[in-house]
1. Report the semi-axes of the equivalent ellipsoid for the chain in whole Å, largest first, where each axis is √(5λ) for an eigenvalue λ of the Cα gyration tensor.
2. Could you give the length gained on full extension between A326 and K191, defined as 0.36 nm per residue of separation minus the Cα-Cα distance, in nm?
3. Rounded if a/c is under 1.5, else prolate if a/b beats b/c, else oblate: with a ≥ b ≥ c from the C-alpha gyration tensor eigenvalues square-rooted, which is region 37-154?
4. Stretch E231-A272 to full length: gain in nm at 0.36 nm per residue minus the Cα-Cα span?
5. Straight-line reach from K76: which lysines have a Cα under 18 Å away, not including same-chain ones fewer than 8 places off?
6. Amide H neighbours of S264 under 5 Å, at least 5 residues apart or on other chains, H built in the peptide plane: list them.
7. When the accessible area of the chain is computed with all protein chains present and a 1.4 Å probe, what percentage of it is carbon and sulfur?
8. Under a 5 Å amide H to amide H cut-off, with H placed in plane at 1.01 Å, what residues pair with G68 once short-range neighbours are removed?
Amino acid sequence: MTEFMDAVVTTANENEPLAVMNIPVPELDEKDVLVKVAAVAVNPVDAKQRGAAVASNATRVLGFDAVGEVVAVGEKATKFKTGDRIFYAGQLGRVGSNATFQAVNEDLAALAPEKMSDAEAAALPLTFLTAYELLADKFGLDVAENAASGKALLIINGAGGVGSIMIQLAKWMGMTVIASASREETVAWVKSLGADHVINHRDDYVAEMHMLGFDTVPYIAILHAPEPHFEQAAELIGAFGHIGAIVESVDPMPVGLIKNKAASLDWEFMFAKANYKVDMASQGDALALAARLADKGSLRSTLTETLTGMTAENVLAAQEKVSAGAVNGKLAIVF
């Protein structure tokens, strides 16, 4: 007999784009685990996916970041047992985390930090994986304690979800971190996370960087729309350096500016590994590192706001607030 669960799903009504419905519990693939979801975090991708679903009249359960209890395992799933508390960012194209239960490939998950609440843990996966993959896969750095000592990293949009994690991770790696922030509260936020220097991305930050003593830097992470920042990044990047970006460009960018420096433009998309089934287990390994760092106090959750209740109203309000850039760090919803 098919079991059912409550889930927040997209609708074709732009005035009421989300609704709670009773739908079947997902069936498990052989390497899946079934999770009873305890808390989720909201990301800009949620609002983008909602807009696309509503426009195409598709009924979808969204949500990626989550923490919860394993209640069943697939035939070939061996990593977790029932009762384990795990966290993960999931993948595109499957029933998401805004539901009572979710099926997730075990390779994408890890045991959740023991010393964090459900909301704190749910706020970590997607942003940690994005920051980790930029540093490790794209910039080619060894993500280990003090392994990048003496190297400098410029982060544009340091107070956002990814930036808030990247600052902490880079500092643990021994890097000198320059983070951008434009408001009093965001400046205080990035400083509290360990940024060595703060610049204002609304000003001439090339001049600010030079005043701080940085003619060039080897690594730049643009964690916002890249077009307004690429020319400045091209001026600041060092020879053979790396400019990383996570937001899709809409307008053309003068990438030829970095050609004579033999520098690279590196795109990071956390869902690419699961989409193309490339080294998926590395994401579970990265989250296991996040849990270890969190439990020993080297990584703090970037949770700044929590809502209670998996309702359509809460999910919509959270998506709208996050997509508007009105949240420093992360926003979570506890079931």
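1. 34, 21, 18
2. My answer for the length gained is 46.7 nm.
3. Taking the square roots of the gyration eigenvalues as a ≥ b ≥ c, region 37-154 is oblate.
4. That pair, E231 and A272, stretches by 12.1 nm at full extension.
5. Reachable lysines: K31, K277.
6. G241, H242, I243
7. With neighbouring chains kept in place, the figure for the chain is 50 percent.
8. For G68, the qualifying residues are A38, I86.
The values are calculated or read from the model by the stated rules, or taken from the named source; none is laboratory data. Quick caveat: nothing in here was measured; it's all calculated off a predicted structure. FYI the Cβ positions are ideal-geometry reconstructions off the backbone, even for glycines, and counts take in every protein chain you see. Side chains included, ligands, DNA and RNA excluded: accessible areas come from the protein's heavy atoms. Shrake-Rupley method; radii C 1.70, N 1.55, O 1.52, S 1.80 Å.
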